[in-house]
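This report refers to the structure that appears directly beneath it.
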Amino acid sequence: MAYSLLVMKFGGTNMQDAQAIRHSASLAARSIREGVKVVVVVSAMAGVTNQLLGLADAAQRGDIATANDEIAALRTRHFAAAQELGAAPDSEVVREIRELHETLRQAVYGVYLLRELTPRSRDLIVAFGERFSAPLMRLALEGQGLLAHHLTGGQAGITTDAHFGNARPLPGTYERIRDRLGGLLAAGVTPVVAGFMGETEEGAITTLGRGGTDFSATIIGKALGADEVWAWKDVDGVMSADPRVVPDARNIEVLSYGEVMELAYFGAKVLHPLAVTPLQESGIPLRVKSAADPDFPGTLVQEAAHNEAGHPVKAVTAIRRVSIINVTGAGVLGVPEVVASLFEAIARENITLLMVSQSSSMSNVSLAVQSADAARTLDALRRRVTGELNIEEQPGVAVLAIVGAGMRGQKGVAARLFGALAAADVNILMISQGSSELNISVALEDAQVERATRAVHAAFGLGQTAAAAD
Ligand code: ADP
Ligand code: ASP
Ligand code: MG
């Protein structure tokens, strides 16, 4: 297909040093030379986001020496990359990176003085990773003889609500992106947008949640009516399981938007859970591609699912560090209002429920939440739910999910899942199936999750050896 406009997203590994950035720029340049207009969206260099979160915490604890050492290390890493990409010491890009580091230092010093790290200041600090890497990509594109211009998420038009740490684009975003990027594209300039970040209407910097650069790219893809959005990664594409856990996981050629959302929601770190949402209305495809093997087709994510007979399940995934909150007691028995108030308390706290199960007598309700949210959940339930209830946390849990549109209406899928888990001597703590029948999820002990994942992956014939035998 002859493309006219593509959005290309490069992840942390594809931006990790000058060499990786140069290679990423060459991938964009290949299409640009063929006459395709490309918008490039970049992540922070690998590891930088975690480093920024760590140094912000250090400043809040009063350990400004550690925070400053980390900032100095970041500065060295970004300067070294800029230099290797050919920036003169007095060039505009080097000056900008220097100024950004100075602003970061001041923001972190503010946290240290106040010993307070609010979600708002954390977003300001953590978004620097992408703000540093965007000018580096611009340098690399210029090194390819192209015209390029870098922008922050806000400058590119991404305006969000003020939900710091997990912000969502406001409706006006799409038109603003068209305004801000359209002119550059028309003039033959490649825009390089800092991913992961947006800005409130008041100009405060927000972030879209971890892995948010995927989401930035699809927001821009929708705004510009791109032919496709390409997310370049360090893996072949979306695979049948996390390749770090299941060595013989294989690439999935086609997935539907719905399947990818379930996979991302249930812990497959490869894409942000909301990444496909902007594409759904317009049906713009998302391609996950390997930067190491650019001619490999990777994974095509589109509206329609491709179901292969005999393979109802396409992938296995897991969320680690989960807690089950068990609510028991005579007070729950046969009193729907109590159950309603449980959910209300949780909704009010904005806590994501991963799984819910209720015994039919209503004497017990179990809720699976991220362990990081457990204390908040317990507190909310104890404060807001009346009646004689016993509320307890069971930590050390994981949620494993099997995903595939081919499961719809198929008998025997659950039996195969439970059989595989039993044969691997894995104990099931909770079970749930979404009404969409795109997934079945089970809670189990976190210590058993990798073994369970490999067993389930094999039981559904998802491995490379199984594929070869088909
Ligand atoms: P990027 O910075 O490019 O967004 P990420 O590290 O966020 O890269 O996502 C890619 C990583 O996701 C892979 O290195 C892989 O370990 C992990 N991963 C987890 N589950 C899957 C899966 N089902 N398919 C592919 N990769 C997966
Ligand atoms: N750098 C951010 C993160 O690590 C965003 C991204 O990589 O997509 O979460
Ligand atoms: Mg990612």
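The values are calculated or read from the model by the stated rules, or taken from the named source; none is laboratory data. Computed from a predicted model, the values in this text were never measured in an experiment. No Cβ is skipped: glycine too gets one built from the backbone with ideal geometry, and neighbour counts run over all protein chains shown. Protein only, heavy atoms only, side chains kept; ligands, DNA and RNA dropped before computing areas. Shrake-Rupley method; radii C 1.70, N 1.55, O 1.52, S 1.80 Å.
For Lys314, a cut-off of 17 angstrom between C-alpha atoms picks up these aspartates and glutamates, skipping any fewer than 8 places away in its own chain: Asp236, Asp242, Asp248, Glu253, Glu259, Glu262, Glu303, Glu437, Asp470. Each label point was placed 7 Å from the Cα along the Cα-to-Cβ direction; for Glu34 and Ala88 their separation is 3.6 nm. Each DSSP beta bridge with both residues in the chain is either parallel or antiparallel, and the antiparallel ones are about 60%. When each of the peptides 348-358, 79-89 is scored by how many other beta carbons lie within 10 Å of its residues on average, the order from highest to lowest is 79-89, 348-358. Only protein heavy atoms count here; on that basis, with a 1.4 Å probe, Ser363 has an accessible area of about 40 Å².
Considering only Gln144, Thr207, Val322, and ranking their Cα positions along the charge dipole of the chain that arises from unit charges at the beta-carbon of Lys, Arg, Asp and Glu, the one farthest toward the positive end is Gln144.
Charges were assigned to the Cβ only: +1 to each Lys and Arg, -1 to each Asp and Glu. The resulting dipole of the range 311-470 about its Cα centre is roughly 360 debye. Simple spin-label estimate for Ala422 and Tyr109 gives 6.6 nm between the two label positions (7 Å along the Cα-to-Cβ direction from each Cα).
Measuring between alpha carbons in the structure, the pairs from Lys269/Lys289; Lys233/Lys269; Lys269/Lys411; Lys289/Lys411; Lys222/Lys289 lying more than 22 angstrom apart are Lys269/Lys411; Lys289/Lys411.
Any idea what angle helix 48-61 forms with the longest principal axis of the chain, computed on alpha-carbon atoms, 0 to 90 degrees, nearest 10? Around 80 degrees separate the two axes. Label separation (Gln155 vs Ala73): 2.8 nm, computed from points 7 Å beyond Cα along the C-beta direction.
Packing, as the average of other Cβ atoms within 10 Å across residues, places the peptides 104-113, 154-163 in the order 154-163, 104-113, highest first. Using only side-chain charges placed at the Cβ, +1 for Lys and Arg and -1 for Asp and Glu, the dipole size of the chain relative to its Cα centre rounds to 160 debye. Relative to one another, the C-alpha centroids of the range 10-37 and the range 371-394 are positioned 48 Å apart. Net charge dipole, the range 227-302: roughly 200 debye, given to the nearest 20, about the Cα centre with Cβ charges of +1 for Lys and Arg and -1 for Asp and Glu.
Averaged per residue, the chain has 42 square angstrom of accessible surface, using a 1.4 angstrom probe with ligands and nucleic acids left out. Here the sum of -39500 (n - 2.57) over DSSP H runs of 4 or more residues, divided by the residues of the chain, equals -12500 deg cm²/dmol at 222 nm, to the nearest 500.
When both bridge partners sit in the range 153-304, DSSP labels roughly 45% of those beta bridges antiparallel.
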